[in-house]
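What follows is a set of notes on a single structure, which appears directly below.
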Amino acid sequence: MKQLLRYTAIALLTAVSLWSQAEEPATTTPESPSIPSDGQLPLGDLQLFVQIFDQIRSAYVEEVDDRTLFDNAIEGLLAGLDPHSSYLDENDYDALQESTTGEFGGLGIEVGTEGGLIKVVAPIDDTPAYRAGIQAGDLIVKLDDQAVQGMSLREAINLMRGPKGEPIVLTILRQGMDAPLEITVVRDIIKVTSVRSRFLEEGFGYIRIAQFQTETGTQFSESLEAMNTPDSPLKGLVIDLRNNPGGLLPASIEVADALLDEGLIVYTEGRIPSANMKFRATAGDLADRVPVVVIINSGSASASEILAGALQDNGRAIVIGTQSFGKGSVQTVLPLRDGKAIKLTTARYYTPSGRSIQAEGIRPDIVVAPAQIKVLDEKRGISEVNLAGHLQNGNERPGEKEKTDAESPLSVDNQLYEALNILKGIAIFKG
């Protein structure tokens, strides 16, 4: 029986090896001595794997079925590569497909791993995690009473999922806080609105992209065309990518293409020809060269960094805020049998100027850190209006009251306030 198991394991691994060579590049570099130049797996390493498999199967304190052991082996194979490659079982694969359409169950956070802990890349707008105060950069150390140290990302995500209405307590470490925070988040069905738009002031538009989904490009173009009409053209546009964890690469390319007449948007480089791609803009700028300011922060990752980098390198937008997350790799989802799949990092992407933002991020043109704005009452001295018998201005309209900065919603968001001021300055300069 054991001999049969050995042969079965070797056959399985060999088949996986051959399939991976046909579909995607091997996970080690050609210079690595662990894999021969002919691409065949070394027999000695296979024998070691089977030996360990046998030892676990026969000597582990609790009996573990073969399927679980094989699943764990595959999961470990991918998890050891980088934080974004993973093995997806049926539930994980379904959840991934649901997330691209904008509706899925959970807390509403994009997560990764760091130092054995779960790191929040970004909370998704208007979700339980967002409303509970979870922030980009938070490190999750416990889920209810279970410590996440040493837990796989997949296991942590499964724990965070659950029926609508069930609470979960997240114990987090936050920069600047002396002690861990315990935040209770109530699970819900997550329905992500990808694009929202409004006017900040007359002529100055605002488009918020929370995540890049299947319809994001279309929704962005429709929002832009609705705001920029011949009767009421835009003077400036703010694109808010803060805490946007990314999503679908084609969606971010569509958004960039809507604002560019020509030029390179992004290119990718991997180890196989199919991973090397270039994406260029097509003619037609839906905003008619209206000045654009893009806001990013440490929660802006992946596809949002592609958009910010494309507009920045093409001179189409001024990028403000703080340095982005720095996820400069491309993941390809490869379906397997029985509803399973693997998510494999297959390439790095580069901005038009050739920048790789992997582990570095997009650096804003103007750094604007988040801050609280407090409007101070100006202690004015004597002015004309204080003089007895002064002449009236003649421009007053009955019932008109000047609006102060304290009454504006921009007063609670200094980054958005600065973005609008930049656009106003450009508009004044252009006359």
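The values are calculated or read from the model by the stated rules, or taken from the named source; none is laboratory data. Keep in mind that what you see is a predicted model, and the values were worked out from it rather than measured. Neighbour counts are summed over all protein chains in view; Cβ atoms, including those assigned to glycine, are modelled from backbone coordinates with ideal geometry.
All of 413, 365 fail the test of being modelled with pLDDT of 95 or more and of a type in the set (Asp, Glu), apart from 365. The set of residues in region 190-249 that are acidic (Asp, Glu), assigned to a strand (DSSP E or B), surrounded by fewer than 22 Cβ atoms within 10 Å (Cβ to Cβ) and within 23 Å of the chain's Cα centre (by Cα) is empty.
Just one of the listed residues (287, 283) is among the small types (Gly, Ala, Ser), touching a residue at least 40 places away in the same chain (Cβ under 8 Å), more than 23 Å from residue 82 (Cβ to Cβ) and in a loop (DSSP other than H, G, I, E, B), namely 287. Restricting 269, 305 to those that are within 16 Å of the chain's Cα centre (by Cα) and either outside any loop (DSSP other than H, G, I, E, B) or not assigned by TED's automatic domain parsing to the domain that holds residue 226 (or both) reduces the list to 305. What are the residues in region 164-180 that are touching an Asp or Glu at 6+ places or on another chain (Cβ under 8 Å) and closer than 22 Å to residue 139 by Cα, if any? Within region 164-180, 168, 169, 170, 171, 172, 173, 174 qualify. Inside region 231-283, can you point out the residues that are of a type in the set (Gly, Ala, Ser) and touching a Leu at 6+ places or on another chain (Cβ under 7 Å)? Matches in region 231-283: 236, 252, 256, 258, 281.
Just one of (1) in a strand (DSSP E or B); (2) closer than 14 Å to residue 350 by Cβ; (3) not hydroxyl-bearing (Ser, Thr, Tyr) fails for residue 295. It is (2). Residue-level analysis places residue 137 among those that are under 21 Å from residue 299 (Cα atoms), surrounded by fewer than 20 Cβ atoms within 10 Å (Cβ to Cβ) and not acidic (Asp, Glu).
Listed here are the residues, each with its yes/no results for (1) at pLDDT 95 or above; (2) assigned by TED's automatic domain parsing to the domain that holds residue 300; (3) closer than 23 Å to residue 248 by Cβ; (4) of a type in the set (A, V, I, L, M).
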residue	(1), (2), (3), (4)
181	yes, no, no, yes
187	no, no, no, no
199	yes, yes, no, no
206	yes, yes, yes, no
211	no, yes, yes, no
214	no, yes, yes, no
220	yes, yes, yes, no
225	yes, yes, yes, no
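Go through region 315-343 and count every residue that is over 27 Å from residue 281 (Cα atoms) and touching a residue at least 40 places away in the same chain (Cβ under 8 Å).
8
Of all residues in region 292-329, which are surrounded by fewer than 22 Cβ atoms within 10 Å (Cβ to Cβ) and under 14 Å from residue 84 (Cβ atoms)? Scanning region 292-329 gives 326, 329.
Only strands (runs of 3 or more DSSP E) whose full extent lies in region 43-140 are considered here, and the ones with at least 2 residues that are at pLDDT 90 or above are 86-88, 117-123. Looking across region 344-362, the residues that are at pLDDT 95 or above, surrounded by 20 or more Cβ atoms within 10 Å (Cβ to Cβ) and not in a strand (DSSP E or B) come down to 351, 352, 361, 362.
In region 250-268, of all residues being over 24 Å from residue 199 (Cα atoms) and out of contact with any strand residue (DSSP E or B) (no Cβ under 6 Å at 6 or more places or on another chain), the one that is surrounded by the fewest Cβ atoms within 10 Å (Cβ to Cβ) corresponds to 262.
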